[in-house]
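These notes are about the structure you will find just below.
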Amino acid sequence: MSTSRQLVQKTLGKRYARERRFRWYGALSILVGILFLGFLLVTTVSNGYKAFVQTYVQIDVDLSAAQFGGEITPESIAAANFDGIIKDSLRNAFPEVSGRTDRRALYGLVSNGAQYDLREMLLEDPSLAGGVTPVWLLADDEVDVFMKGRIDRNEPEANRRLKDNAIGWIDQWVDEGRVEKRFNEPFFTNGDSREPEQAGIFGAIMGSFFTIAVCMLLAFPIGVAAAIYLQEFAPKNRITDIIEVNINNLAAVPSIIFGLLGLAIFLNAFGLPRSVPLVGGMVLSLMTLPTIIISSRAALAAVPPSIREAALGVGASPIQTVLHHVLPLAMPGMLTGSIIGLAQALGETAPLLVIGMVAFIVDVPTSPLDPGTALPVQIYLWSDSPERAFVERTSAAIMVLLMFLVAINGFIVLLRKKLERRW
Amino acid sequence: MNILLLLFAGFILGPAFLILALNFTRHNRVLRKRVELLITTFLISCACIAIFTTVGIVLSVLFESIRFFQAVPITDFLFGLEWSPQTAIRSDQVGSSGAFGAVPLFAGTFLITIIAMIIAVPLGLMSAIYLSEYATPMVRAFAKPLLEILAGIPTVVYGFFAALTVAPMIRRTADSLGFDVSSESALAAGVVMGIMILPFVSSLSDDVINSVPQAMRDGSYGLGATRSETIRKVILPAALPGIVGSFLLAVSRAIGETMIVVMAAGLAANLTANPFESVTTVTVQIVTLLVGDQEFDSPKTLAAFALGLVLFVITLILNVIALRVVRKYKEQYE
């Protein structure tokens with residue numbers, strides 16, 4: 001046996017062991033990534049799923065004619081003091097409660113938005129008024145958090161925001177079947193609020209919608225046109241070379257820099273208003289433009305030259321060739337690229353912070369010129385709030401955002417399957 | 001405002017109008033030529049918008065920075081060791097000059113970037129190697145999209161996760177080991193950022209590794225090398241320029257990343273290399289200086305633009321080098 005063969009044989013076990021280890025490291029790295037993803041999703045869902053239900057309490061509200069100045073008309077309902085009515089009813093439910101602090105704790109069990117809900121309810125159905133009527137009202141966020149089991153009643157009273165007496169009242173209500181968890185409709189229909197139980201994501205969703213709409217209306221036509229020029233018509237010279245390098249670099253510029261651009265140019269030089277989705281959309285369109293241009297160029301490049309040659313051969317001008325023949329064939333690829341850009345823009349936060357879309361805005365925006373915020377910015381805003389109930393809502397808003405992204409990506413996959421063709 | 005709306009209409013309705021015009025003039029050569037000229041002009045102007053964006057970024061950031069450097073000397077900014085801009089809100093205030101030494105911010109950014117790269121580089125590179133060299137098609141079809149999901153998650157989600165879950169976890173672990181860890185430690189932000197750029201490193205490296213010609217692998221196997229030996233001794237050296245390029249792109253992304261550090265890293269400008277302490281970064285300070293009501297002329301606001309300039313220049317240099325390296329590398333095997 002030759003010596004070199006002995007040498008190989010001797011070290012073979014070691015080499016194989018090293019091979020196995022190396023392979024393990026690879027598998028492990030992927031596993032770490034996937035486990036982290038799972039961990040992130042599981043914590044988000046377990047923190048947030050309970051925000052989709054909301055605690056309501058049933059209270060016998062005294063809606064006798066006396067509360068409305070003797071006569072029940074739409075006008076008298078609109079003018080009535082519902083805050084007082086609810087407080088009276090709470091006092092009637094627990095007549096033994098006395099003293100300012102205790103009474104305030106009692107009033108605190110019901111959301112301070114409940115009075116407006118009650119007014120709406122009566123304006124819609126005035127027949128509810130006229131006597132003592134049991135009504136379901138929105139509970140305060142502390143009650144909600146307690147009912148969802150996130151406050152430990154065994155903890156020392158000083159460490160809880162919900163005190164023993166309040167827990168006693170809630171227990172009594174629970175025994176009487178006066179506490180119920182329902183689907184959290186306000187979360188999907190309200191704008192932002194300082195009170196967690198009244199805060200919703202509808203304002204943020206509309207803000208995101210307008211921002212993305214402006215962004216896409218600008219970025220798609222410009223991006224496609226730029227791609228057509230660069231791919232089909234541009235002469236190969238220094239200038240087009242610079243444009244190309246420039247676009248590739250622009251795609252890697254940190255997003256917050258685009259925010260600075262928007263602040264200096266759109267807000268200060270052009271004097272556009274702060275906090276509006278219009279400006280947000282314009283900033284995001286500049287940010288997504290490189291993505292759209294790059295993917296559109298790839299789509300154009302994938303159309304075989306024979307198509308162009310055939311069109312030119314029967315007498316079409318270069319512009320006609322591209323617009324009538326190449327562009328329709330490249331469109332699915334361009335759409336896919338643009339939707340990827342859209343998904344990027346939907347999750348983007350930093351540039352919107354800089355141009356002032358972080359203001360606390362209760363009203364739901366109805367046009368791109370109304371002050372608004374966006375879904376990721378809303379997540380950022382809520383994540384800063386100290387109330388326990390906002391943690392839940394932040395996670396729920398993240399779930400909604402991720403749901404949108406999943407839907408968009410699903411749509412991309414579908415589009416690819418349906419429309420894209422291979423040559 | 002009105003000019004802007006007109007511009008809007010121009011970009012949205014313009015293409016539709018031009019395409020219609022092209023159809024209407026298809027029998028009239030002279031008119032059609034004119035419409036085609038218009039179309040070409042439109043296409044060129046759209047292609048130039050990318051240039052305008054870059055010029056706009058450079059000009060806006062540069063002008064505001066120059067105004068800032070008129071108030072604060074550039075050497076104080078670049079080499080000063082103390083950062084406390086919050087005192088410079090009003091000019092008539094006592095001690096209104098504030099301190100604009102950005103070194104603690106650069107150090108903080110550097111620290112968090114290093115932590116992120118320590119996580120992302122080995123994990124990303126090993127994932128790429130496994131996916132391109134070892135994984136069966138089935139594993140690849142399953143694992144690659146999962147890693148891509150990681151890349152598609154908005155950074156604000158990572159930030160929330162870092163602040164709410166990872167940071168307390170690190171704190172608890174350290175407490176039980178007897179360490180004292182800040183609740184806004186650089187470690188939490190860095191680790192989560194590392195995971196965020198992991199798929200970025202892995203997909204770029206995957207591309208690079210895949211473009212190494214099969215013949216080089218076959219040659220190595222033919223000499224009796226094992227797979228891992230082939231990877232380490234043949235593929236990685238051959239792919240090294242491309243891999244380095246992808247790392248540089250990842251570094252540039254980590255430096256420019258904003259939301260994770262805004263939510264999970266601190267605001268205090270500590271000059272420290274201890275990952276358990278709280279540090280702040282360039283992007284965090286840009287956001288804090290600009291969020292809320294601000295006077296546009298105060299040095300405090302202008303400082304954000306100076307930081308933006310530094311950020312832009314550094315990431316630009318990294319990107320230019322990285323893109324050039326990757327391009328050169330790919331041409332080599334084409």
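The values are calculated or read from the model by the stated rules, or taken from the named source; none is laboratory data. Remember, it's a predicted structure, so these values are computed and weren't measured experimentally. Virtual Cβ from ideal backbone geometry, glycine too; neighbours counted across all protein chains shown. Remember, those area values only see protein heavy atoms, side chains included, never the ligands or the DNA or RNA. Shrake-Rupley method; radii C 1.70, N 1.55, O 1.52, S 1.80 Å.
Placing +1 on the Cβ of each Lys and Arg and -1 on the Cβ of each Asp and Glu in segment A:202-419, which of A:Met287, A:Phe210, A:Pro277 has its Cα farthest towards the positive end of the resulting dipole?
Ranked along the dipole, the leading option is A:Met287.
Might you tell me the accessible area per residue for segment A:3-49, computed with a 1.4 Å probe and given in Å²? Present the calculation step by step, with values, prior to reporting the outcome.
Values: 3230 Å² over 47 residues.
With the other protein chains kept in place, segment A:3-49 gives 69 Å² per residue.
Could you identify which residue out of A:Leu31, A:Leu261, A:Leu137 has the top mean-square fluctuation in a GNM of chain A using Cα springs shorter than 10 Å?
In the Gaussian network model the winner is A:Leu31.
Just to verify a number: FRET efficiency for A:Thr189 and B:Val30, C-beta to C-beta distance, R0 = 56 Å, to 0.05? Mind showing how you got there, number by number?
Numbers: r = 59 Å, r/R0 = 1.05.
The computed FRET efficiency comes out at 0.45.
Give me the summed buried accessible area for the A-B pair, 1.4 Å probe, to the nearest 100 Å². Could the numbers behind the result be given before it?
Numbers: alone 22960 and 18910 Å², together 34530 Å².
Between A and B, the summed buried area is about 7300 Å².
Give me the percent relative contact order of chain A, please, defined on Cα pairs under 8 angstrom at least 6 residues apart. If you can, show how the numbers build up before the last one.
Working: 534 pairs, mean separation 81.9, N = 423.
Once normalised by length, the contact order is 19 percent.
Hand me the chymotrypsin sites (Phe, Trp or Tyr not before Pro) from segment A:322-397 located in a DSSP loop with no more than 12 other Cβ atoms within 10 Å, in residue order please.
When the chymotrypsin sites (Phe, Trp or Tyr not before Pro) of segment A:322-397 are filtered for loop state and at most 12 Cβ neighbours within 10 Å, A:Phe360 remain.
Mind jotting down a quarter of the surface of the convex hull over the alpha carbons of chain B, in square nanometres, one decimal?
Numbers: hull surface 104.3 nm².
Taking the Cα atoms of chain B, their convex hull projects to 26.1 nm² on average.
Roughly how many Å² is the accessible area per residue of chain B, as a whole number, for a 1.4 Å probe? Can you show the working numbers first?
Numbers: 15290 Å² over 334 residues.
On a per-residue basis, chain B sits at 46 Å².
Taking a cut-off of 19 Å between Cα atoms, list the aspartates and glutamates near A:Lys417, but don't count ones fewer than 8 places away on the same chain.
B:Glu148
Given charges of +1 on the Cβ of Lys and Arg and -1 on the Cβ of Asp and Glu, with all other atoms neutral, how large is the dipole of segment A:202-419 about its Cα centre, in debye to the nearest 20?
On the way: 10 positive and 10 negative charges, 97 e Å.
Taking the Cα centre of segment A:202-419 as origin, the dipole is about 460 debye.
Give me the tail of P(r) for the protein assembly as shown as a percent: Cα-Cα pairs with distance above 50 Å.
Summing the P(r) of the protein assembly as shown above 50 Å gives 27 percent of all pairs.
For helix A:82-93, report the angle its Cα long axis makes with the longest principal axis of the Cα atoms of chain A; keep it between 0 and 90° and round to the nearest 10°.
Its long axis makes an angle of about 60 degrees.
Would you mind classifying chain A by shape? Square roots of the alpha carbon gyration tensor eigenvalues, ordered a ≥ b ≥ c; an a/c under 1.5 is rounded, otherwise it is prolate if a/b is larger than b/c and oblate if not. The partial results should precede the final answer.
Values: a/c = 3.01, a/b = 1.65, b/c = 1.82.
It is oblate, given that a/c is not under 1.5 and a/b is not larger than b/c.
About its Cα centre, what dipole magnitude does chain A give when the only charges are +1 on Lys and Arg Cβ and -1 on Asp and Glu Cβ, stated in debye to the nearest 20? Walk me through the numbers on the way to the answer.
Details: 37 positive and 40 negative charges, 750 e Å.
Roughly 3600 debye for chain A.
Could you check the spin-label model distance between B:Leu38 and A:Ser306? Points 7 Å from the Cα along Cα→Cβ, value in nm.
Result for the modelled spin labels: 3.6 nm.
Under a plain spin-label model, where a point goes 7 Å from the Cα along Cα-to-Cβ, how far apart in nm are A:Val362 and B:Val313?
Distance between label points: 4.7 nm.
Using +1 at the C-beta of Lys and Arg and -1 at the C-beta of Asp and Glu, which of B:Val30, B:Leu59, B:Ile19 has the Cα lying farthest in the positive direction of the dipole of segment B:2-71?
Toward the positive end, the furthest listed residue is B:Val30.
Can you work out the Karplus-derived ³J(HN,Hα) for every residue in segment A:153-159? Use 6.51 cos²θ - 1.76 cosθ + 1.60 with θ = phi - 60°, whole Hz, and x for glycine or proline.
6, 7, 5, x, 4, 5, 8
Leaving out ligands, DNA and RNA, and with a 1.4 Å probe, what % of the accessible surface on chain B is carbon or sulfur?
On the way: 10400 of 15290 Å².
Carbon and sulfur together cover 68 percent of it.
Taking the Cα centre of the protein assembly as shown as origin and charging only Cβ (+1 Lys, Arg; -1 Asp, Glu), how large is the dipole, in debye to the nearest 20? Please list the in-between numbers first.
On the way: 58 positive and 61 negative charges, 936 e Å.
So the dipole magnitude of the protein assembly as shown works out to roughly 4500 debye.
For segment A:50-183, what is the accessible area per residue in Å² when the probe is 1.4 Å? Let's see the in-between values first.
Numbers: 6800 Å² over 134 residues.
The answer is 51 Å² per residue.
Counting Lys +1, Arg +1, Asp -1, Glu -1, what net charge surrounds A:Gly131 among other residues with beta carbon under 11 Å of its beta carbon? Mind dumping the intermediate values first?
Numbers: positive: none; negative: A:Asp60, A:Asp62.
For residues surrounding A:Gly131, the net value is -2.
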